[in-house]
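Taken together, the values in this text are just the output of simple stated rules run on the coordinates, not laboratory data. From a predicted model like this one, the values you see are computed outputs, not experimental measurements. All Cβ positions, glycine included, derive from the backbone under ideal geometry; neighbour counts span all protein chains shown.
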Amino acid sequence: MVPTFEKFLYPFLLSLKDGDLTINQMREKITAFFNLSEEDLQVRTKSGRVTQVNDRIGWARQYFRRALLIDIPKNGTYCLTERGKEFLKKHPYSITIDDLMEIPEYAAYNVSHKPFSGSSNSDEEEALTPDRQLDQVYKMYQKNIAAELLDKVLTLISPKIFEQLVVDLLVAMGYGDKDSARVTQYSKDGGIDGIIYEDKLGLDKIYLQAKQWKNPVGSKEVQQFSGALAGKKALKGVFITTSTFTSGAVKFVETVSNQKIILIDGERLSLLMFQYNIGVQPDNVYITKRIDNEYFGE
């Protein structure tokens, strides 16, 4: 029998104590730790899409990433951060979600988790109503998938494919269509990575800039993009990055009067990818329902 998800936390972090591991090596370590049989390894989640072991390893990775206890320095390889090493020293025998909640970054992320408390008041009772729990858990799930999406965008695709991803996203959001959107020539793009024609005659265009960066994008890069737009006599631009924008970059956009430039950072990018099904596909669908009081004459 495959242990519960929370029991995967300790062996996952412990396995990284002696060095970096690939996902396959992590799976082998977890299998040995729990002495899982071949039959255990084949048990799937309710959706049937993945095995329980792979699913729980994936969620453990996301939880530890949000807590800044592990990092993924290169594709498919996990390592402990300095914070992770200290955390493991403080929790040498077991790790629970309550333990992770002591980390501010993780607590801010997992807003749906409520540690056990013997107290009872109206605020806690309201927070624990099923509809609010469902809403909070879904938001946490969305953040998890979005964070994993951003990791994959940073580690698995080339800058050229990232440019195509940006174009695909804008089209999915309703700007133009596949026939009216394109990535520019890579070596001679003049600071423009993509163009979307919003009408059939090309009278209205949106110009795109895509930066697959880890470091923040500053005002210099945004000003250069603005200059590229001016060179095209363009009024609309979207600057998308996998990282963040500096306050200077944001202030510059706010001061530009003759152009409309939208800045999309990595967090917003990943959430938009989730919302518009770029790099993801629907899994289980749950429909919430309410009582039809009119049916009962109320």
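Observations
- Exposure proxy shown here: for Asp131, Asp55, Asp204, the number of other Cβ atoms within 10 Å sets the order, fewest to most, as Asp131, Asp204, Asp55.
- FRET efficiency, 1/(1 + (r/R0)^6) with R0 45 Å, evaluated for Ile157 and Arg132 via beta carbons: 0.75
- Model label points for Ile287 and Glu102, set 7 angstrom from Cα along the Cα-to-Cβ axis, are 4.6 nm apart.
- Nearest 10 degrees, 0 to 90: helix 159-172 Cα axis against the chain principal axis: 90 degrees
- Relative to the longest principal axis of the Cα atoms of the chain, the long axis of helix 266-275 makes an angle of roughly 80 degrees.
- Couplings 3J(HN,Hα) for the stretch 239-253, derived from phi with the Karplus relation 6.51 cos²θ - 1.76 cosθ + 1.60 (θ = phi - 60°), are 10, 10, 9, 7, 9, 9, 10, 6, 4, x, 5, 5, 5, 4, 4 Hz, where x marks Gly and Pro.
- Principal-axis analysis of the Cα atoms of the chain puts helix 130-156 at an angle of about 60° to the longest axis.
- Taking every alpha-carbon pair under 8 Å whose residues sit at least 6 apart, the stretch 5-110 reaches a relative contact order of 33 percent.
- Proximity of backbone amide H atoms, modeled 1.01 Å from N, is registered between Lys211 and Ile240, Thr241, Thr242 at under 5 Å, excluding neighbours fewer than 5 places apart on the same chain.
- DSSP loop chymotrypsin sites (Phe, Trp or Tyr not before Pro) with at most 16 other Cβ within 10 Å: longest gap in the chain: 1-92
- Estimated from helical segments only, the mean residue ellipticity of the chain at 222 nm is -13500 deg cm²/dmol, where each DSSP H run of four or more residues counts as -39500 (n - 2.57).
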